[in-house]
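**Student:** Quick one: this structure, given as C-alpha cells, is what I'll be asking you about.
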Amino acid sequence: FIYNMAESKKELRKEVQARLEAQSSADRARRSLVIQDKLWGLPAFQKADFVFFFVSMPEEVDTNGMIDRALASGKRVAVPCAHLREKKLFFCEITDRQSQLKPGLCGILEPDRALVKEVPAREAQCVIVPGVVFDKKKCRIGHGAGFYDRFLAQVDPKTPKVGLAYSFQVMIKDLPQEVHDVALDELITD
C-alpha cells in the first residue's frame, strides 16, 4: 500500500466538508457561541490588541459575532483579502464589519480596498485561522490552495496562531503534513 498524501487530504477534506454542510444553522450558531466564549477566555487572545481574524463562510465556525465583539471591546481587527493571481492573502484593518466588507473570492466577504489599508503580517498579535480538518497536534488541512500556509509563514513565529473548529472536524489520527504546513499554537472547539 502506497500512502498517497494528496489523495488522503482530498478525501478527508471532502468527508468533513459534507459534515459541515449537513449541520443545521441552529447547531452551527450554538456551537459557534461556545467557541467564541472559549476564545475570549484564552490568555493569548485576551493579551492581543491587534487580532487577525478570518471571515467565515456559511458552513464554518461563525466569526462575524467574534469580529464585532472584538471591535466593540477596543481590539484592532484585520481580515484577509485574497490575491488570486499571486495565490496569497494580505490583511486589511477594519473598524466596522458591516460597512467595510463586500463579497470577494468565492463570495467570501473581504475588505473593500477603497475603504481600508493593508497591514503587514508582523503586526498581528494573534491570528485566528480557519481549516477544514484538524488533528490533536494542532495541524490543519485547509481548502487546498495554500493561502493560509503561505501567510502564516510570514507571521512572527511567536505570534499565537489559533484554529477554530467544530469538534467533529478534529481527527484522532495525525494528519498528513507537508514541509510548508504551519502548525497552530491553539485549537478551540465546541
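The values are calculated or read from the model by the stated rules, or taken from the named source; none is laboratory data. Model, not experiment: these values are computed from the prediction. Neighbour counts run over all protein chains shown; Cβ positions are idealised from the backbone, glycine included. Side chains are part of the model used for accessible areas, which takes the heavy atoms of the whole protein and leaves out ligands, DNA and RNA. Shrake-Rupley method; radii C 1.70, N 1.55, O 1.52, S 1.80 Å.
**Student:** Go through the range 84-111 residue by residue and tally those that are open to solvent by 30 Å² or more (accessible area, probe 1.4 Å), under 19 Å from TYR148 (Cβ atoms) and charged (D, E, K, R).
**Tutor:** Looking only at that region, the number is 5.
**Student:** While we're looking at this one, here's another question. Could you check how many residues of the range 112-134 are surrounded by 17 or more Cβ atoms within 10 Å (Cβ to Cβ) and at pLDDT below 95?
**Tutor:** So the count comes out to 1.
**Student:** Out of all the residues in the range 7-43, which are open to solvent by 70 Å² or more (accessible area, probe 1.4 Å) and closer than 30 Å to ASP156 by Cα?
**Tutor:** Result: LYS10, LEU33, ASP37, LYS38, PRO43.
**Student:** For the range 34-53, indicate whether the set of residues that are of a type in the set (A, V, I, L, M), modelled with pLDDT under 95 and assigned to a loop (DSSP other than H, G, I, E, B) is non-empty.
**Tutor:** no
**Student:** Name the single residue that is farthest from LEU42 (Cα to Cα) among those in the range 136-190 being open to solvent by less than 20 Å² (accessible area, probe 1.4 Å) and among the aromatic types (Phe, Trp, Tyr).
**Tutor:** Ranking the candidates gives PHE151 first.
**Student:** Can you tell me which condition CYS81 does not meet? The list is (1) within 15 Å of the chain's Cα centre (by Cα); (2) open to solvent by 70 Å² or more (accessible area, probe 1.4 Å); (3) not aromatic (Phe, Trp, Tyr), and all the others hold.
**Tutor:** (2)
**Student:** Give me a count of the residues in the range 44-61 that are in contact with a helix residue (DSSP H, G or I) (Cβ under 6 Å, 6 or more places away or on another chain) and crowded, with 21+ Cβ neighbours inside 10 Å.
**Tutor:** Final tally of qualifying residues: 4.
**Student:** Looking at (1) at pLDDT below 95; (2) in contact with an Asp or Glu (Cβ under 9 Å, 6 or more places away or on another chain); (3) assigned to a loop (DSSP other than H, G, I, E, B), which is the only condition GLU86 fails?
**Tutor:** Every listed condition holds for GLU86 apart from (2).
**Student:** Just checking, how many residues over the range 122-141 are without any contact (Cβ under 8 Å) to a residue 40 or more places away in the chain and either in contact with a Ser or Thr (Cβ under 6 Å, 6 or more places away or on another chain) or not in a loop (DSSP other than H, G, I, E, B) (or both)?
**Tutor:** Total satisfying the criteria: 1.
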